[in-house]
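Each reported figure results from applying straightforward, stated rules to the coordinates on display, with no laboratory input. Only a predicted model underlies this, so the values are computations on that prediction, with no experimental measurement involved. Neighbour counts run over all protein chains shown; Cβ positions are idealised from the backbone, glycine included.
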Amino acid sequence: MALVLAVSAATLLGRSWAACDVGVNNAANSFFLVWLFIPGAWTVLLLLWAAAGTLLGDRRRPLLHALALAVTLLGVVWCAISIFWEGSAAPSCPGGVPPWWPSFLPAPGF
């Protein structure tokens, strides 16, 4: 689960950077995402998954356990995307949001 979320976050960031012409070029952006972002996000998400599972411990409430894990992992992914979201710095993305971003979702960022 942690690897899937890390790769999904990297894909979302890469596509938003490409749509908004952010960064040096696509090769440099891809190098950062593949060699630094994905392993780092995977490690953090895996540790948080283990920590949340250990803290909850009680397996008698599987729905609560699954909900807490999902909220924790998705919250960390949203924060990671928000840290590296740079759509506001690009003139090709009005309002800092790529054209393909759904209007019903708030754009990441702090």
Q: Over region 2-96, consider all pairs of different Cα atoms and compute the Kirkwood hydrodynamic radius from their mean reciprocal separation; express it in Å, one decimal.
A: 14.5
Q.
Restricting to Cα pairs below 8 Å that are 6+ residues apart, what does the relative contact order work out to for region 2-96? Please round to a whole percent.
A. 39
Q: Could I have the simple spin-label model distance between SER8 and SER82, label points 7 Å from Cα toward Cβ, reported in nm to one decimal?
A: 1.8
Q.
With 10 angstrom as the radius, rank VAL77, VAL24 by how many other C-beta atoms surround their C-beta, starting from the fewest.
A. VAL24, VAL77
Q. Separation between the TRP35 and LEU105 pseudo-spin-labels, each 7 Å from Cα along Cα→Cβ, expressed in nm?
A. 2.9
Q) Fully extended, how many nm does the chain gain between LEU74 and ALA18 (0.36 nm per residue separation, minus their Cα-Cα distance)? A) 17.8 nm
Q. Which Cys in the chain stand alone, with every other cysteine's Cβ at 4.7 Å or more from theirs?
A. CYS79
Q. So how do 97-104, 39-46 stack up, highest first, on mean other-Cβ count within 10 Å?
A. 39-46, 97-104
